[in-house]
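Working notes, structure below.
The values are calculated or read from the model by the stated rules, or taken from the named source; none is laboratory data. The model shown is predicted, which means the values in this text are computed figures rather than measured ones. Using ideal geometry, Cβ is built from the backbone for each residue, glycine included, and neighbour counts are taken over all protein chains shown.
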Amino acid sequence: MILSTEYILTRVDLISLFQQSNQLLIRKLGAVLFSLVLMACEQNQELSTKDNQLGFSKQSDKSNTQTASQTASQTTSPYGFDSEFNYPSFSGKYPVATIEMTVTDNSRIELFANKTINQNATPRRFNIRFYYPSAESDLDNETVTVYLNKKNTNKLPVISETAWSNLIGPQTRKGKMLRYSNYENAFWDIELNQKVSDRQTDFPLLIFSHGYGYSPEAYSALSAELASQGYIVISINHTFGANPTNLFGDQNETQWAKKLPTENIGQYLPIWSDDQIFVIEELYRLNTEISSPFYGRLNLSQLGIFGHSYGGASAYLSASRDPRIKAIMDIDGTLFEARNFEIYQPFAFLLSKKHSPIINPVKFNNDAFLVKLTQFEHISFTDHILWWQWDFDDSQLEMKLELGNINALEAVEITSKLVQSFFDTYLLNQQNWHLLTQENSTSIKSVKIN
C-alpha cells in the first residue's frame, strides 16, 4: 500500500495546563521524535507502491446452499463481490495461532446475572482469546480446550456461527446485510491451538479490550498482525458487554451485551477494568504452571494495554490503578469521569475524525500523544470495515455505515503500524514510534501533549 512521504509532528507546550517545569526535557523528546520521523520518511520514500496492494485478492465464486438468512439478506439489498471473503497474509515473520479460555474471578459477583447478592450468586466469568506467534506445526489438542467451529477446521472463522444464527452483530447494519455465502466458509489464516513459537524464549504482552457490543473476533486482523510481529495479544471478551459470549461449560447459553445506561455511561468501566487486572493475575498463573500452554513464555515485564472505544477507556482506568502496565493506548475511547485519574506510563490516544475528547483534566506524568486520523470513523478500527467494503461498493454504502473515507486494508495497516510502533518504543525500547499519513495530505495529525 502507499505509505506516507509526509509526516506531521506538532509539539504543543501544555506546561501551563499541567504545571510542569521541565521544558528542556520536553524539547529533547520532541527533537528525538522528529529525527525518528524524518528517518521513517526517508525509508518510506524508497517503498514501491502498487494498486493491487490496496485491494482484496479475489477468489473464484462458490455456489452454496442458501439458508433462510441468506435468502433474506439477498432480497434486502444489492451486493458487491459475490465471492468468498479473503484476507491477505499477515506481514510479520511469525505464523499466528489462537487459543480461547474461560476464566473465573471468584472474588467478584456477576452483577448482571444476580439481582441480589446471596449464597448462590454467580462469580464473574469471561473469555480471553490469545493471538500469538505460533510454531510451524505440531497441533496439540490436549493443552487447553478450544472452540472448534461447525466445519471442524483448525482455523478461526471470520464471523462466528453464533453471530449468523442470531442475525445480530457484525453482519447487519442500517438495513443492510452481509452475504452469508461470502463468509460461511471464510477463515482467517490463524490456526487454532498451536504451540507457541520457539524462535525466542518469551514474548511481550498486549492486553486488549473491545468496544462495547463488539467482541475480540471483531479485531482479529489487528490482533493477528501484532502477533505476527512477535506480540502475544490477550483479547478479553467482557461478558454482558460483548456480542456474543459463549462461556465454556455453557455452550447452549449465549450471552449478549446489556444496553448501556443513558446516564453515567461510564459506570461499567470499573467492571471492565477489574477484568483487565484479573487477566494480569491469570497471566502470572499461566506463566508459572507447567501444564499451561504459555508456561515460561510470557514476558510480564513487557506488558502493555490498549482497547477500542469503551475498551480503550477501561484500559486507561486500569493503567491508573496498576503499575505493572508499562504503556497504554486508547483507540477512540472517551475518557469518562477521568478527572481523578493520573497515569505515569506512556500514553497514546488514537482518534477518529469526529472524536474530540476533553483531556485537559487528565494528568500525564510521562510521554503522551494525541493522534488524529481524519479519514477514520469509529468503526474504521474494527474488522467490520473489511467486510462491508468487500460486500458493498462505495455507491451502495454511500458512507452511511460510518466506515470512514479510507480503503479497508489501508485502515487496518495504519492502525496496526501505529499500535505496533508505539509499543515497540515503550515496551521494547526500539525507538520507532512514528506516524503514518497519506502522501501529500494531512490525514494524520499528532499532538504531543506531554
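Structure notes:
- Residue satisfying all of: in region 143-160; surrounded by 15 or more Cβ atoms within 10 Å (Cβ to Cβ) and of a type in the set (Ser, Thr, Tyr); modelled with the lowest pLDDT among these: TYR147
- Candidates GLU253, GLU191, GLU282, GLU263 - the one that is modelled with pLDDT under 95, among the charged types (D, E, K, R) and in contact with a strand residue (DSSP E or B) (Cβ under 6 Å, 6 or more places away or on another chain): GLU191
- SER107 meets the conditions (1) modelled with pLDDT under 50; (2) surrounded by fewer than 13 Cβ atoms within 10 Å (Cβ to Cβ); (3) small (Gly, Ala, Ser) in every case but one. The failed one is (1).
- Looking only at region 205-250, residues that are of a type outside the set (Gly, Ala, Ser), modelled with pLDDT under 95 and more than 14 Å from the chain's Cα centre (by Cα) come to 9 in all.
- Scanning region 180-211 for residues that are surrounded by 24 or more Cβ atoms within 10 Å (Cβ to Cβ), in contact with a Ser or Thr (Cβ under 6 Å, 6 or more places away or on another chain) and either of a type in the set (Ser, Thr, Tyr) or in a loop (DSSP other than H, G, I, E, B) (or both) turns up GLN194, SER209, GLY211.
- Screening ALA163 against (1) modelled with pLDDT under 75; (2) within 15 Å of ASP383 (Cα to Cα); (3) out of contact with any Gly (no Cβ under 6 Å at 6 or more places or on another chain) leaves a single unmet condition, (3).
- The condition (being under 30 Å from PRO204 (Cα atoms) and either modelled with pLDDT under 75 or over 21 Å from the mean Cα position of the chain (by Cα) (or both)) is satisfied by just one residue among ARG179, ARG124, ARG173: ARG124.
- Of all residues in region 378-403 being at pLDDT 85 or above and assigned to a loop (DSSP other than H, G, I, E, B), the one that is surrounded by the fewest Cβ atoms within 10 Å (Cβ to Cβ): ASP383
- Condition met for GLU342 (modelled with pLDDT under 75, of a type in the set (D, E, K, R) and surrounded by fewer than 20 Cβ atoms within 10 Å (Cβ to Cβ)): no
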